[in-house]
Amino acid sequence: MKSADNTFDKHRDGGAGNDVPDNVNSYATGYLWEEVLKPDALLNILARFMHLEVLDKEDWEGRKVKKETMIFPRYHQWDVVRELVAAAKDEGPGHKYLIQHSAGSGKSNSIAWIAHQLSSLFDGTKKVFDSVIIVTDRTVLDDQLQETIYQFEHQDGVVGRINHAEGEGSKSEKLAAALESAQPIIIVTIQTFPHVLKAIENSTSLKDRNYAIIADEAHSSQTGSTAGKLKAVLMMEGREDDAELSSEDILDAAVAARRVAKNLSYFAFTATPKTKTLELFGRVPNPAEPPSKTNLPVAYHVYSMRQAIEEKFILDVLRNYTSYKVAYNLALKAQEADAEVNSKKAKVRLNQWVRLHDYNISQKVRVIVEHFKENISGLLGGQAKAMVVTSSRKEAVRYKMAFDKYIAQKGYEKIHAMVAFSGEVEFGASDPNAEGLLGEKFTEINMNPKLKGRDMRKAFDTDDYQVMIVANKFQTGFDQPKLCAMYVDKKLAGVECVQTLSRLNRTYPGKEITGTYVLDFFNEPEEVLAAFQEYYQTAELIDVSNPNLIFDLSEKLRAFGVFTWSEVERFCEAFHKQTMSNAAVANICKPAVNRWTSRYRSATEAYKTASEMFERAKKSGDAVLIGNTDRTLKECKTEKDALELFRKDLGTFVRFYEFISQIVDYDDKDLEKLCIYARQLGPLLREANIDEDELDFGDVALSHYRLSKIKQQNLRLAPDAAEGLQPGSGLGSGKAKDKQEEFLSQIIERLNEVFAGDGLTEADMLNYARTVKDKVQEDQRVITQIANNTREQALLGDFPKAVEEAILNSNEAQQKQMMKLLSMSDKFSQFMNTIYDMMQNDAGN
């Protein structure tokens with residue numbers, strides 16, 4: 001059923017419509033009069049839901065008009081508000097509620113209604129929550145909340161925003177004043193949120209109060225220096241410096257870093273809950289039992305992507321998906337330029353070098369501009385927009401330059417691009433075609449002269465710009481309904497893939513008919529579809545994190561010999577004393593820091609010496625000397641790697657313990673003490689990068705290049721096709737990789753075989769070889785023959801047959817490799833020798 005533009009259906013099998021009722025004598029729409037139109041429920045809707053929404057709109061001629069709409073809740077909005085309010089009253093503070101509501105669910109109104117009703121919720125004569133704290137970065141939500149709640153309350157001061165623009169004093173002073181005065185609704189940014197928790201925890205008066213925290217986390221992200229500071233506060237490592245940091249990440253880390261607080265209730269909204277979010281905020285079916293494979297945490301309330309698409313509140317962005325592939329050849333300009341380098345690092349850098357190459361980017365820009373001109377520019381009355389998603393800030397700069405150059409050469413009008421990235425970008429001598437760029441600093445301001453001080457979002461909404469080129473920016477939390485096309489030149493996986501491509505799903509008059517377009521130069525269609533399937537209906541876990549892993553990691557840290565347990569005890573005792581200074585507390589860590597630093601310095605010096613000896617031995621050609629120095633080098637590297645892994649393991653222990661202890665009550669004071677100590681010790685250990693070789697690609701040339709359109713298709717989302725979300729495993733099991741060295745020419749040759757051969761990526765070929773190798777290693781007879789014979793003798797034994805059988809067992813996705821190897825004897829021989837070398841490498845020979 002529909003009311004005006006709003007669907008008031010419940011759902012049918014997770015999609016649009018209504019389920020057949022259990023009672024055969026009832027109607028599928030019976031819930032309407034049995035639940036919604038009951039006098040109390042209807043009066044509640046009229047008094048606490050219905051309100052007049054006034055929005056400033058701009059027509060196609062640029063004229064601003066006010067659009068007034070009487071808002072009536074959709075069924076899922078009414079249902080989630082009443083369920084959450086009832087649960088908060090029955091259960092009281094100290095609980096968590098995960099709401100998986102898709103884009104197009106009307107989260108802004110849902111949050112406004114929940115915030116207002118929770119702020120005035122009483123249990124008898126006592127308020128359930130002293131304040132409702134909303135965590136968001138959307139100014140639209142700020143304004144909407146103020147306007148919506150004013151219509152219900154008819155008084156000012158109910159909603160307070162903590163930012164620099166409003167009121168006097170610093171943000172921390174405003175926050176303290178709002179919390180102390182128990183302002184009913186307080187809106188904070190995601191950057192301020194960790195400080196809210198700290199303020200509540202450290203204040204005697206605030207500790208005794210109850211708070212509802214509503215997190216609108218799916219609409220916000222942080223990059224650049226802000227992200228760096230937050231990562232430091234929240235111990236969030238393992239990300240690139242300019243990687244986009246979603247507020248769901250920040251929320252998870254901030255909440256996990258606190259002990260379970262009985263005075264805080266969390267209401268977390270997200271369209272794409274990650275594994276950690278589900279474990280932290282989800283609810284188990286049987287609360288009396290711990291989370292397990294048979295008692296998995298689930299969302300409290302769901303409005304799925306499938307239902308939103310079927311009810312036409314968002315679009316299916318995978319219906320017109322086109323994939324492209326790049327094939328290229330590299331060459332050395334001069335053979336004498338050949339040099340021995342770290343093979344893994346060189347492969348990564350060579351790939352980056354190609355991606356930054358003018359020719360590579362210019363070919364993609366040509367495809368993008370011509371596609372936009374032919375298919376997109378005329379849509380939505382000429383107002384259609386597009387986004388180009390790049391892998392790095394340098395690529396974004398190059399794309400903008402290539403875009404402007406191509407447009408000028410072709411004389412195209414009404415196609416203009418803006419570029420969005422954080423900070424400054426500078427090119428180095430090792431970057432391809434960088435001659436005219438050296439010494440220049442590129443910023444958003446100097447690369448977008450037409451902006452003239454305007455906000456990028458607002459400027460993009462005008463006729464001044466049609467295309468936005470982005471690097472780790474605007475991929476999440478960016479609502480532009482006119483966005484009709486996305487050109488992807490970046491690896492996207494999991495949640496990031498769904499959030500990025502979902503920028504296209506907003507509705508706009510005429511957009512449903514024309515549809516959306518995705519042109520992908522990087523990703524495999526099957527992987528993109530798999531990422532979306534996880535969130536098409538209800539996101540579900542396959543298993544939960546293993547809480548016992550923390551004990552193994554604890555033992556590993558304690559056995560390493562950097563700290564003593566008496567030092568941990570002394571530190572924790574001092575840490576909890578309010579009278580000791582930070583410096584005095586930090587001094588207790590000094591013995592451990594000195595031990596680690598001394599061992600690391602010795603290992604570093606020994607490694608340098610061993611490297612020099614090994615290089616001299618290679619030049620001498622003496623096989624015995626080369627073997628001896630190689631063994632010494634590996635031993636030195638093992639000690640250095642172990643010390644670096646110890647430092648990483650400290651951070652891993654802290655993050656996992658603070659996360660998992662929210663779910664499992666360990667009741668183990670030693671774990672708690674080690675967590676407090678490790679949090680302090682980890683940042684004090686500093687590594688030195690001594691083996692960072694500078695790779696010179698000055699003599700590398702891009703000799704052949706081909707950009708091919710593979711397939712245009714509808715990636716069909718199907719019900720019940722998700723595999724499920726897998727929790728992390730292998731805690732603290734990281735191992736340092738040996739530095740394998742090869743000649744640059746050999747690496748180029750191997751890359752060419754990969755990219756110019758069958759269209760297989762390096763990862764595809766390597767994974768296939770490893771699969772075959774693992775299968776062969778299951779045959780103990782073959783292992784024995786290889787161990788006791790030369791290569792020539794081993795190849796005359798059972799080894800070839802074992803390789804052939806392993807190839808015959810290839811899965812469906814590997815049929816191409818299988819047929820090639822079995823039909824071409826020379827390729828089979830080459831592949832078999834590669835498998836032999838890999839097995840010998842595993843055995844340490």
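The values are calculated or read from the model by the stated rules, or taken from the named source; none is laboratory data. Predicted, not measured: the structure shown is a model, and the values here were computed from it. FYI the Cβ positions are ideal-geometry reconstructions off the backbone, even for glycines, and counts take in every protein chain you see. Accessible surface areas use protein heavy atoms only, side chains included; no ligands, DNA or RNA. Shrake-Rupley method; radii C 1.70, N 1.55, O 1.52, S 1.80 Å.
If I filter the stretch 23-56 down to residues being among the charged types (D, E, K, R) and under 27 Å from E147 (Cα atoms), which single residue comes out as least open to solvent (accessible area, probe 1.4 Å)?
E53
Selection over the stretch 80-112 of residues that are open to solvent by 30 Å² or more (accessible area, probe 1.4 Å), within 15 Å of H301 (Cα to Cα) and out of contact with any helix residue (DSSP H, G or I) (no Cβ under 7 Å at 6 or more places or on another chain) gives a count of 4. All of L483, L451 fail the test of being more than 30 Å from L350 (Cβ to Cβ), at pLDDT below 90 and touching a helix residue (DSSP H, G or I) at 6+ places or on another chain (Cβ under 6 Å), apart from L451.
Residues in the stretch 496-532 that are in a helix (DSSP H, G or I) and either free of Cβ contacts under 8 Å to residues at least 40 places away in the same chain or open to solvent by 20 Å² or more (accessible area, probe 1.4 Å) (or both): 11 in all.
Here's the yes/no breakdown for (1) open to solvent by 30 Å² or more (accessible area, probe 1.4 Å); (2) within 24 Å of the chain's Cα centre (by Cα); (3) among the β-branched types (V, I, T):
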{"position": "G378", "(1), (2), (3)": "yes, no, no"}
{"position": "G381", "(1), (2), (3)": "yes, no, no"}
{"position": "A386", "(1), (2), (3)": "no, yes, no"}
{"position": "T390", "(1), (2), (3)": "no, yes, yes"}
{"position": "R393", "(1), (2), (3)": "yes, yes, no"}
{"position": "Y399", "(1), (2), (3)": "no, yes, no"}
{"position": "D404", "(1), (2), (3)": "yes, no, no"}
{"position": "G411", "(1), (2), (3)": "yes, no, no"}
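Screening the stretch 163-197 for residues that are among the charged types (D, E, K, R) and in contact with a helix residue (DSSP H, G or I) (Cβ under 9 Å, 6 or more places away or on another chain) and picking the one that is modelled with the highest pLDDT gives E180.
When you go through A271, A334 one by one, which is the residue that is open to solvent by less than 30 Å² (accessible area, probe 1.4 Å) and modelled with pLDDT under 70?
Going through A271, A334 in turn, the sole match is A334.
When the stretch 460-495 is filtered for residues that are aromatic (F, W, Y) and either under 17 Å from I309 (Cα atoms) or outside any loop (DSSP other than H, G, I, E, B) (or both), the ones remaining, listed by number, are F460, Y487. For the stretch 275-300, a residue qualifies if it is part of a loop (DSSP other than H, G, I, E, B) and surrounded by fewer than 19 Cβ atoms within 10 Å (Cβ to Cβ), and the qualifying residues are V284, P285, N286, P287, A288, E289, P290, K293, T294.
Is it the case that F122 is modelled with pLDDT of 70 or more and aromatic (F, W, Y)?
It is true that F122 is modelled with pLDDT of 70 or more and aromatic (F, W, Y).
Just so you know, in the stretch 632-658 the residues that are polar (S, T, N, Q) and touching a helix residue (DSSP H, G or I) at 6+ places or on another chain (Cβ under 8 Å) include one that is nearest to K618 (Cα to Cα), and it is T632.
Among the residues of the stretch 271-283, how many are closer than 11 Å to V495 by Cα and hydroxyl-bearing (S, T, Y)? Explain how you work it out, then say what you get.
Our first condition is that a residue be closer than 11 Å to V495 by Cα; within the stretch 271-283, this holds for 271-275.
Then keep just the ones that are hydroxyl-bearing (S, T, Y); that gives 272, 275.
So the count comes out to 2.
Mind checking which residues of the stretch 413-438 are of a type in the set (D, E) and surrounded by 14 or more Cβ atoms within 10 Å (Cβ to Cβ)?
Matches in the stretch 413-438: E426, D431.
Quick check on I415: is it under 21 Å from T322 (Cβ atoms), under 26 Å from the mean Cα position of the chain (by Cα) and free of Cβ contacts under 8 Å to residues at least 60 places away in the same chain? Full working, then the answer.
Numbers: under 21 Å from T322 (Cβ atoms): yes; under 26 Å from the mean Cα position of the chain (by Cα): no; free of Cβ contacts under 8 Å to residues at least 60 places away in the same chain: yes.
When the stated conditions are applied, I415 does not pass them.
For the stretch 92-99, the count of residues that are at pLDDT below 95 and within 21 Å of Q499 (Cβ to Cβ) is nonzero.
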